[in-house]
Amino acid sequence: MGARLRDVETARLLLAAARYLGETLDLQRVYARFRDLMAEAIPHDGVVVSSFDPSDGSIRCEYAWVDGELLDSAIFPPLQLRASGGMQSEVIRTGRPLLTNDVESRVRDSGTYYDVDSEGTMRKVPDEGPPKARAAMMLPIRHEGTVVGVVQLMSDHVMYGEEQLELAEGMVAQMTLAVRNARLHETQLRLEAAAAADRAVAAERERAVQVLEAVGDGIFFVDDAGIVRFWNPAAETVTGIRRSDALDRPVAELLSEWPAIETAAQSPAADARPHSATLPIEIDERELWLSFIAVRTTDGVVYAFRDLTPERRLEESKNEFIATVSHELRTPMTAVLGAANTLLRTDIELTSETRRRLLEMISGQATRLAQVTDRVLLAGRLDRDEVTFDRAPVDVDRVVREAVSVIEPTVPKTTTIEQRLGPALTAAGDPDRLQQVLLNLVDNAVKYSGSGARVVVSTCRNGDRVRIDVADDGPGIAGPDLERVFEKFYRGDPSLRFAPGGTGLGLYICRELVERMGGRITVASEPREGSTFSVELPAAP
């Protein structure tokens, strides 16, 4: 009856062990749970789990618990499988468990033995003294009939018997299954991590290629032989040199200024900081200002460049603007100062007519100063998005008539302004801002057309758009200037740059105002055939 009860209890313990160990797939947690189970079933003071690698005959500690403390398995030196002697070696060689209640006698054979305490202090026995353990069980860990490790149970104060050895074998068998599952899980995780890393590397490379392809800066790679090996779309866009024409060709054939570029943007040593260099480059009779930066790699140099031509033009335009505004302000101020000084003179007698003309001159020039100042301030407010707009239906024909009536008294007698009104009906926008645009366009048409000019202002309705045209018969606008007339500070024909009110801001302001009302402004012109500026606004619903 006692043996039967013992068998039932053993089966219960093994079933509980299988369940408990199978609840985790973490290897170290499996070992810890195994020790917990063994603590309930078999008294012990130390548990050591070692793995055996048949490829090199090494025995390595994977888990160690001694006197209530978990030790770092790395402190245990690896052992080699011995042809004879050694308790672990014997278990691995024979595949059978080993039980001894006289450890001190067993360690006197030709094997290599170590004793360790709870603080991790390692002693080689019996050379450095007798072992602390009195009894030990060594149990093989099998996989498909092959021993792949050893479990050691050691006690300092109890003796082990066959019943405990049998129970320990059963517990080790359950642990082996749990360890196998944990290792399979670890392998799966490693494979998944490796696959994820491979995917990440591939994705990163793909992203890098996409970035190089999509980045706005031109990027090209020149190998040590001076051959172009990479040429991104931005490089093609900026230079106009197609990728198919650039790849596998000497870079000196593509860019005539290459020696100067290479010298100015000389790639520094690997540990030096790259620097940029800006140079004018001529490509297909176009002058481009490009800023280059070079980074050396193991087999060539990567060049990145940015088109600074618009910034260069803007800087030139700003300088011209300063000169123009200085002129625009100085001329009326000189006239005002001269007239004021004349009025203040006491050594001459001025007629009432002369005084009136001098005062009119001061008033007119002051108005001119106010106009220049207003344009500069308005341009700044537009840049800062501080200009407000009223959204309302606008009677376009009425705004045109009012704008023409305002400007007609100021135009030369030889100039005619003709109105050809649609009817255009109503547009969605701001009537005051629209009138401001029209005054500027008509004033430009009169100013630049010269004596005897004829200006035609027409309106029409085109579907859901309302259109206003301001046409003149002046000198027209040349092609290169036509593309830039709406740029801030831009001035075209040098001979016209110092015409009255010429700050280079008028058309820029017109474009900004029209676009912020939801419309667009365009120009059509040919040299010596006049110009037509067209404003389109959405029709009012």
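The values are calculated or read from the model by the stated rules, or taken from the named source; none is laboratory data. All figures in this text were calculated on a predicted structure; none of them were measured in a lab. We place every Cβ from the backbone using ideal geometry, glycine too, and count neighbours over all the protein chains shown.
A few points about this structure:
- Candidates ALA235, ALA252, ALA260 - the one that is among the small types (Gly, Ala, Ser), surrounded by 11 or more Cβ atoms within 10 Å (Cβ to Cβ) and in contact with a Pro (Cβ under 9 Å, 6 or more places away or on another chain): ALA252
- Residue list for the range 112-137, restricted to those being over 60 Å from the mean Cα position of the chain (by Cα) and in a strand (DSSP E or B): VAL125, ALA135, ALA136, MET137
- Qualifying residue in the range 69-77 (condition: in contact with an Asp or Glu (Cβ under 7 Å, 6 or more places away or on another chain), touching a residue at least 12 places away in the same chain (Cβ under 8 Å), more than 17 Å from GLY149 (Cα to Cα) and of a type in the set (D, E, K, R)): no
- Of all residues in the range 300-320, those that are modelled with pLDDT of 85 or more and of a type in the set (D, E, K, R) total 2.
- Only residues that are of a type outside the set (Gly, Ala, Ser) and surrounded by fewer than 14 Cβ atoms within 10 Å (Cβ to Cβ) were counted in the range 43-60, giving 3.
- Applying the condition of being in contact (Cβ under 8 Å) with a residue 60 or more places away in the chain and crowded, with 17+ Cβ neighbours inside 10 Å to the range 406-435 and asking which residue is farthest from MET517 (Cα to Cα) yields THR426.
- Number of residues in the range 142-160 that are free of Cβ contacts under 8 Å to residues at least 40 places away in the same chain and surrounded by 12 or more Cβ atoms within 10 Å (Cβ to Cβ): the value is 1.
- Criterion violated by ARG356 - all others in (1) surrounded by 12 or more Cβ atoms within 10 Å (Cβ to Cβ); (2) assigned to a helix (DSSP H, G or I); (3) modelled with pLDDT of 80 or more satisfied: (1)
- Selected residue (only one of ALA178, ALA182 is assigned to a helix (DSSP H, G or I), surrounded by 14 or more Cβ atoms within 10 Å (Cβ to Cβ) and in contact with an Asp or Glu (Cβ under 8 Å, 6 or more places away or on another chain)): ALA182
- Conditions (1) loosely packed, with under 10 Cβ neighbours inside 10 Å; (2) at pLDDT below 75; (3) not hydrophobic (A, V, I, L, M, F, W, C): number failed by ASP347: (2)
- Filter result (basic (Lys, Arg) and either surrounded by 15 or more Cβ atoms within 10 Å (Cβ to Cβ) or more than 15 Å from GLY86 (Cα to Cα) (or both)) within the range 117-141: ARG123, LYS132, ARG134
- Candidates in the range 520-541 are the residues that are free of Cβ contacts under 8 Å to residues at least 24 places away in the same chain and over 16 Å from ARG433 (Cα atoms); of these, the one that is surrounded by the most Cβ atoms within 10 Å (Cβ to Cβ) is ALA524.
Here's the yes/no breakdown for (1) within 19 Å of THR522 (Cα to Cα); (2) hydrophobic (A, V, I, L, M, F, W, C); (3) not assigned by TED's automatic domain parsing to the domain that holds ALA471:
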{"residue": "ILE407", "(1), (2), (3)": "no, yes, no"}
{"residue": "THR414", "(1), (2), (3)": "no, no, no"}
{"residue": "ASP432", "(1), (2), (3)": "no, no, no"}
{"residue": "VAL442", "(1), (2), (3)": "yes, yes, no"}
{"residue": "GLY450", "(1), (2), (3)": "no, no, no"}
{"residue": "ALA453", "(1), (2), (3)": "no, yes, no"}
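- Output for the range 445-473, where each listed residue is at pLDDT below 85 and surrounded by 17 or more Cβ atoms within 10 Å (Cβ to Cβ): LYS447, TYR448, SER449, ALA453
- Members of the range 33-42 found to be surrounded by 16 or more Cβ atoms within 10 Å (Cβ to Cβ) and of a type in the set (Gly, Ala, Ser), listed by number: ALA41
- Counting only strands (runs of 3 or more DSSP E) that sit wholly inside the range 199-301, those with at least 3 residues that are in contact (Cβ under 8 Å) with a residue 40 or more places away in the chain and either outside the structural domain of LEU314 (by TED's automatic domain parsing) or in contact with a helix residue (DSSP H, G or I) (Cβ under 7 Å, 6 or more places away or on another chain) (or both) are 218-223, 286-297.
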